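Colleague: One structure follows; several queries about it will come next.
Derivation of every value follows stated rules applied to the coordinates shown; laboratory data play no part. All values reported here derive from a predicted model rather than from experimental measurement. Neighbour counts are summed over all protein chains in view; Cβ atoms, including those assigned to glycine, are modelled from backbone coordinates with ideal geometry.
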Amino acid sequence: MTGAADSRVDPDLAEERRADRKGGPGHTVLLALALAVPAAKVAYTVGGGDAVRDVFVGMEPANWPDVLLGMVITDPLLGSVLAVVVSRVVFAVFAARGGLPFGGGRLAHLRRVGLAILNPLAFGVIVTCLFGPWWGLGTTLAAYALRKGVVVEYRTGRRRPHHGHGTAHGPSRAPDYRPPAWLSRAAAAEQGVALILTAVVLPLLFLASALDGQAWTSIVACRVTDGTRTTDARLIELSRKGTGVVGWNLESEEISNGVGCTSTESRYVREPWWRRP
């Protein structure tokens, strides 16, 4: 009853709350990138056209996420920025659903700190395992700063708690509450940084990765039999069948079955898009 009345009185506020609970614009950007970027990566790497369809058919649906995963775990900057953005989106959804503890006292403060640091720390550990300790440390600190920024947004009124819940620092503020100027500037800066990371930096990094000319997975050297003729060829590994590999043949530009495969050092298939004449 009260929620319906709130929606009638302030439809913009109701829409804002719904957007927060769904992850806001960050959720939309991440979903769009997850759908579009793998197709662009495959298209540029293998040449587009029917080759893209053949590659996805050869991979089988269960292996399609490997394209996106391969891009993320082989690019330290892309992987780190994605971890920071995902960490903030998750925390924003969690906060919008009323999941942040409030109240005074040391215990409540420790709970808030624990909730704020747990997810960034987890992402930092993952990035450390993939790219090294400095990347992991930077990811942890950046993710923590943006998650704390979400709390500051609630304190300054830039975000409003879901009806019936308080913010991370207490119940809903009084209507005449005015946050300090420095806190408002900090909230605005955090929102600006988060928007730039999500809507500008992350898409550009994904685009650069899609057009860098590298395969999203291992390139293997195999023996390929075509009729009665056996040749050596390089394959982009798509899936494994028994003791062999199903892959995209870079020489004949078709799906081939390879045996006796060994990994190659380079994953480059063609020149990056920005270096092409």
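Colleague: With N denoting the number of residues in region 219-268, provide Rg(C-alpha) divided by 2.2 N^0.38 Å, to two decimal places.
Modeller: 1.00
Colleague: Here's a follow-up. Any idea how far apart Ser266 and Leu183 come out in nm if each label point goes 7 Å out from Cα toward Cβ?
Modeller: 5.8
Colleague: I need the calculated FRET efficiency for the pair Arg275 and Ala43, taking r as the beta carbon distance and R₀ as 22 Å, to the nearest 0.05.
Modeller: Computed FRET efficiency for Arg275 and Ala43: 0.80.
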